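The values are calculated or read from the model by the stated rules, or taken from the named source; none is laboratory data. Predicted model, so just to flag it, every value in this text is computed and none were measured. Note: ideal-geometry Cβ built from the backbone for every residue, glycine included; neighbour counts use all protein chains shown.
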Amino acid sequence: MRKQQRPAPERRVDEQGKPIVRVPVDARGEKWATLDAADFDEVVAEGLGLTWHYNSAGPKKRWSYVKAHSSAASGGLVMVARVIMGAGPGEIVSYRSGDRLDLRRRNLTVEPGKAKRYDAGYCRAMDLAA
C-alpha cells in the first residue's frame, strides 16, 4: 500500500483581498493553518520546515497549537504562532477568534504569560548559523 503524500502549501487571497498561504497540518490535508503570505515566506526563510502539525490538547482544545520542525529548537519543534509574533519568555500568544489554525497577524496577540520558550529565537539562531 502506498503512503499518501502530504499536500503542498497553497497560496491564495483571503476575503479581504490579502495574500495568504494555507499549510496542511495533517497528512491527508483535512486540516489547514492559514497565515499571511509574508509571514509564511519569512518563517520558511528563517528555517522552519514545511511539515506542520496540529497538536490538539486540553479541554475544548484550549491548548491546541500549530507546530513545525526547526533543527535549532529544543525538541526540534516550535510553535508557529510564537515565531510569527516573536513571542519570548514571559509572553503567550492568544487567538482573537479562538481559531488556533488562523495564524494571520490580525488574529494573534501577544500577552504576558508563563511561557519559557523563545521559539522565534531558535529559528533566527539557526538562520544566523547557516
All but one of (1) within 24 Å of Asp26 (Cβ to Cβ); (2) at pLDDT 85 or above hold for Val110; state the number of the condition that does not hold. (1)
How do the pairs read when you match residues in the range 67-91 that are without any contact (Cβ under 8 Å) to a residue 24 or more places away in the chain with residues anywhere that are assigned to a helix (DSSP H, G or I) and surrounded by fewer than 22 Cβ atoms within 10 Å (Cβ to Cβ), using Cβ under 9 Å and keeping only pairs 6 or more apart or on different chains? His69/Gly76
Looking at Ala87, Ala81, Ala68, can you tell me which residue is assigned to a strand (DSSP E or B), modelled with pLDDT of 85 or more, under 14 Å from the mean Cα position of the chain (by Cα) and surrounded by 13 or more Cβ atoms within 10 Å (Cβ to Cβ)? Ala68
Within the range 3-27, residues being part of a strand (DSSP E or B) and in contact (Cβ under 8 Å) with a residue 24 or more places away in the chain number 4
